[in-house]
1. On the basis of being touching a residue at least 12 places away in the same chain (Cβ under 8 Å), out of contact with any strand residue (DSSP E or B) (no Cβ under 8 Å at 6 or more places or on another chain) and not in a helix (DSSP H, G or I), does residue 10 make the cut?
2. Would you check if residue 32 is modelled with pLDDT of 90 or more and not in a helix (DSSP H, G or I)?
């Protein structure tokens, strides 16, 4: 499955202006009447990377797709266990005594 950048034909580090310019070029080339499937693909790709927030969301979803569910679950379990261990250690360890004041 091609990435939105491949569909639009731009590099992954393209800025907003380059993305918009290429999107407008492609929508003029592939009209909804002449090539509805291609037009829909271009529109969907542009919506996925249109703004910086959309690009960040796309990047994070792609990153999550690349990792397996087991890896994500294992990482979450490790973090939870580590957090629980730290909390238990803090609760059971006596606080340090303050040094005696000098007179």
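1. yes
2. No; evaluated as a whole, the condition is false for this residue.
The values are calculated or read from the model by the stated rules, or taken from the named source; none is laboratory data. Everything numeric here is computed off the predicted structure, so don't read it as measured data. Counting neighbours? That spans all protein chains shown, and the Cβs are built from the backbone with ideal geometry, glycine included.
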